[in-house]
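Below is one structure, written out as structure tokens; comments come after it.
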Amino acid sequence: MDNVKKLLLSCYVIFACGALLIWMHQNSLATFWQQNYHQPPPWQALHQHAFWQAGTRVHSATAKAVASFVLEMRGQPLAPASDPVPAPTPTPTPTPTIEIDLAAGLNLDTDKGTDTDTDTDTDTDTDTAMTLEPSANSCQCPVCPSPEDALAAAEPLEEPLSAAAEFKQQAEISTGQRVFFAGDSMMQGVAPHLSARLRREYGLSSLDLSRHSTGLAYPSAFNWPETIAQTLNDNADIKLLAVFLGPNDPWNMPSSPGGKFLRYASPAWEKLYRSRIREIIHSAQSRNVDVIWVSPPNMRPDNLSDRVRYLNGLYESEVLQAGEVFLSSNQVFQYPEATYSDYMGDGSLKQKMRSGDGIHFTIAGQRTLADAVFNLITFIPQQQAEHDTQPASSDRH
Amino acid sequence: MNFLSFEFVAIFVTFLFLYWLPFNSSALRNHLLIAASYALVALFNLQFALILLGYSLFIYLLANHGDRFLRPKYLYLLLATTIIGLFVVFKYYAFFQESIQDALAATGLQIDLPTLSLLLPIGLSYYSFHSVSYVVSVQRRELPKASFSDLMLYLCFFPSIIAGPINRARHFLPQIQDSQRSLLEPRRAIFLLSLALLKLFLFSAWLADNMVDPVFSDPSGHSPGQNLLAVYAYAWTIYFNFSGYTDLVTGVALFLGFRLPQNFNAPYLAVNLKEFWSRWHITLSSFIRDYVYIPLGGGRKGWLRTQMNVLLAMMISGLWHGAATTFVIWGALHGLGVIALNLLHNIYPKHNTPPTSLSFIYRHLSRVLCFHFVCFAWIFFRSDSLDHAVLMLQSIGSVQLQGLLEHYAYEFLAVAVLFVLYPVLTRWTERLESYSEQMPWAYYPVALALILSLAFSFSPDGMPNFIYASF
């Protein structure tokens, strides 16, 4: 068989197998595509055809069959077929419409808020390999706001922080209460150190649900506001929520599952993103849970670093306005302005803090961040906590 | 660019058409491969491509023209110094700088050594080893001197530059220079790609997400049973991950008309450490044997010196994996294990094998023992720090059988079943691989789609990492 024939036959197998896989896993692959390429998948147009939708049904039926099998094997009762899906625990609805003039004090650079660069972006999925992303400008979605809109988003949208609520300097926790870690791969590195120190020094236990490649931009891949609300609902002993995410987010994102894409940093994008930050904070506050929100530090890839600094402005304004604790990891690493360094920015410690990809942290960096978060936690022993309960609860909002 | 991405598939298929269709010249194909390999490296970082180019030029001048000015001994010395220098600058500097600072601080001497912020060039650990093979083969006249472009391709060949396998010049350069290149065993290549997806997306990623990573990152936050399970699970995680990666690049290379060397041969079938190293990361262990252990004197300078050489070679192998004390300890443990085995063979010479009736039990007990020693060493290999490794060992030390049976009976049963069935699974996989070349083309995609669909249904979210790409 000559090379051409072998190649054509091989391509037939690869493409036919690929097409079948996309047909059967179209939803999860669409989510993956959105997360990685920040635009709708190329097969979205096929969704209107019955033969294409059948793929979802085949996959769904298989998944249900497998789930039933697993439940049966575990000896757990199967839900009757007619039962509706259990209603999700009611989560506190974020402010339904967030008026632009209600949003608060941002420190935005106009050139950060725009999406006009043509550089490739750096993916954060792996520690070892940098994956090249298409430019955010490549989004062909007809409804994406124009660059002018994006520029408008860079204008300060909110009132100055001085008008914001009084914010906490420390989060409080007492004996028998738990800390909940939410975030992406950065938190996956930091949480174990913090968790170990809390256990060692205060005897506190924690719950770490951090997952790599997650954020607030693609809830169809992983929905942090919903997960946090559900987790807080199910675990009344959680008293402190620590959030650390961001680098997976600063790209175009869908306005809703399967919805139109919003251009990164456009007013609509910012409004939606802020609403998700608020939803998380509101979930916590409504359950009397303190929040420590850690902002990602500057990163080696300039484009990603600029974008993350814009996100940091959103986190900071929302967290401080809600009166919760905000920790800037740029301050922890002593980075002046937009600079990046593998080491402490002020040269105070000759120990490498950042890993090879310029995004994540070395063990020393993880410990440094964990210590910084630890220092923001005030431990109140049981007796004193009981004594303080009355006045403390009246301070909550 | 990740080998598992949509864009890689699209670009690679397009590249294959360009590679195989318009002409029938191996030289032109080689130039295409060089361009593609450098483009891949430059996508990570342009400087990495320039370093690779500069290094290739250095090796060309050293191997092809250096013998006019230097005796082989000095030529090897220059090569070794260059490689060690590159490794120290790019890979080990921070480790040495911090270790020296800490050691001095322990004696009350506070000295700040200068810091260095350099990225480890992608593939340096692999193409530097390729270059050793080329220089030595040329000096030993096992191989004629290659042209610069052939040498460039040997050093930059993209399927094996990121995480191996380590190609020997004697076997790989003739393939580059072969004028009759053809697309090799396409159905087997597709089978290997599919097997790689199965190993990487399902087995390795699932074990890492559910049983390994959470425990290794916080050993004291998990029960002794979970710690023990994490160690067993990691043994399989790293095996599926690295052998899956090897299957992937072997399949890719077959599409390009190249055969990569075998890197794995069912390593957990080994009944002792020596056999393990002839089955695990074969290209690295044979490289260390030929270019580190034997030049150190090998087994030619007495029993004691042989053992020292074994220990040193294994520690160097550990340090090659990364700049951390844990890797050095991992290497040292394997070295000490081999020394213990040598000692045992000294006391009980090999011809004193047990009677046939006992050989079955003896063999399987040896396999269990070897697997557990390898697992013990993996604790250091995987742990983020020595503290974590010690915490994990302390936790495992407090394991109680009753607790294990009460809480983790199914998990340990699964570990045991996997270990017992491993020889059978290995045989089945080998048979399937052989059979794949007879698979009818028409049904092949359907069979693959069904298997992969099932795998993706159970696999965790996200793209799996290649563990060995970071070494």
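The values are calculated or read from the model by the stated rules, or taken from the named source; none is laboratory data. Only a predicted model underlies this, so the values are computations on that prediction, with no experimental measurement involved. FYI the Cβ positions are ideal-geometry reconstructions off the backbone, even for glycines, and counts take in every protein chain you see. The protein model used for the area step is the full one, side chains on, heavy atoms only, and it has no ligands, DNA or RNA in it. Shrake-Rupley method; radii C 1.70, N 1.55, O 1.52, S 1.80 Å.
Here the calculated FRET efficiency for A:S255 and B:W441, from their Cβ-Cβ distance with R0 = 60 Å, stands at 0.85, rounded to the nearest 0.05. Here the simple spin-label model places points 7 Å from the Cα toward Cβ, and for A:Q382 and A:Q334 these points are separated by 4.2 nm. With the simple spin-label model, which puts each label point 7 Å out from Cα in the Cβ direction, the B:L46 to A:R199 separation comes to 4.8 nm. Accessible surface for B:Y435 stands near 120 Å², nearest 10, in the context of the full protein assembly shown (1.4 Å probe). Accessible surface ranking for B:R170, B:R29, 1.4 angstrom probe, highest first: B:R170, B:R29. Residue by residue along A:331-342, Cβ atoms of other protein chains within 10 Å of the local Cβ number 1 on average.
Here, the range A:2-74 yields an orientationally averaged convex hull projection of 7.5 nm² when only Cα atoms define the hull. Across the range B:184-191, computed HN-Hα scalar couplings (Karplus, 6.51 cos²θ - 1.76 cosθ + 1.60, θ = phi - 60°) run 9, 6, x, 6, 5, 4, 5, 4 Hz from first to last residue, x flagging Gly and Pro. In this rough spin-label picture, where each label sits 7 Å from Cα along the Cβ direction, the B:N346-B:L77 distance is 3.3 nm. Counting Cβ atoms of other protein chains within 10 Å of each Cβ in B:116-123 and taking the mean gives 3. Listed by chain and number, the lysines whose C-alpha is less than 17 Å from the C-alpha of A:K239, apart from same-chain residues fewer than 8 away, are A:K168. Just to be sure I understand: if I project the alpha-carbon convex hull of the range B:200-343 onto a plane and average over all orientations, what area do I get in nm²? Its average projected convex-hull area is 10.6 nm². Relative contact order for the range A:2-74: what percent, with Cα pairs under 8 Å and sequence separation of 6 or more? RCO, the range A:2-74: 29 percent.
Over the range A:292-360, the alpha carbon radius of gyration divided by the compact-protein estimate 2.2 N^0.38 Å works out to 1.12.
Using heavy atoms of the protein chains and a probe of 1.4 Å, the accessible area assigned to A:T362 is about 30 Å².
Over the range B:186-470, the hull volume per residue, using the convex hull of the C-alpha atoms, is 167 Å³.
Short-range pairs are left out: with C-alpha atoms under 8 Å and at least six residues apart, the relative contact order of the range B:299-420 is 21 percent. If R0 is 41 Å, the Cβ-Cβ spacing of B:L401 and B:D290 corresponds to a FRET efficiency of close to 0.35. When A:L21, A:L8 are compared by accessible surface with a 1.4 Å probe, the order from highest to lowest is A:L8, A:L21. Accessible area per residue (1.4 Å probe, heavy atoms of protein chains only) ranks A:M299, B:M211, B:M308, B:M315 as B:M308, B:M315, B:M211, A:M299, with the largest value leading. Seen from a random direction on average, the alpha-carbon convex hull of the protein assembly as shown projects onto 41.9 square nanometres. Separation of the range B:286-303 and the range B:360-376, taken as the distance between their Cα centroids, equals 26 angstrom.
Counting Cβ atoms of other protein chains within 10 Å of each Cβ in B:452-461 and taking the mean gives 5. Here the Karplus curve 6.51 cos²θ - 1.76 cosθ + 1.60, taken at θ = phi - 60°, turns the phi angles of the range A:330-338 into couplings of 4, 6, 4, 8, 6, 7, x, 6, 9 Hz, with x standing for Gly and Pro. If R0 is 45 Å, the Cβ-Cβ spacing of B:V13 and B:H65 corresponds to a FRET efficiency of close to 0.65.
Relative contact order of the range B:217-306: 14 percent, from C-alpha pairs under 8 Å at least 6 residues apart in sequence. Calculated [222 nm] ellipticity per residue, helices only, for the protein assembly as shown: -18000 deg cm²/dmol; basis is -39500 (n - 2.57) per DSSP H run with n ≥ 4, divided by all residues, nearest 500. Translational diffusion of the range B:108-218 was estimated from the Stokes-Einstein equation, with Rh taken as the Kirkwood radius over Cα pairs; at 4 °C and 1.567 mPa s the coefficient is 72 µm²/s. Computed on the range B:1-151, the Cα convex hull volume stands at 153 Å³ per residue.
Between the range A:332-359 and the range B:92-109, the alpha-carbon centres lie 19 Å apart.
Stokes-Einstein diffusion of the range B:23-110 at 37 °C, 0.692 mPa s viscosity, Kirkwood radius from Cα pairs, rounded to a whole number: 200 µm²/s.
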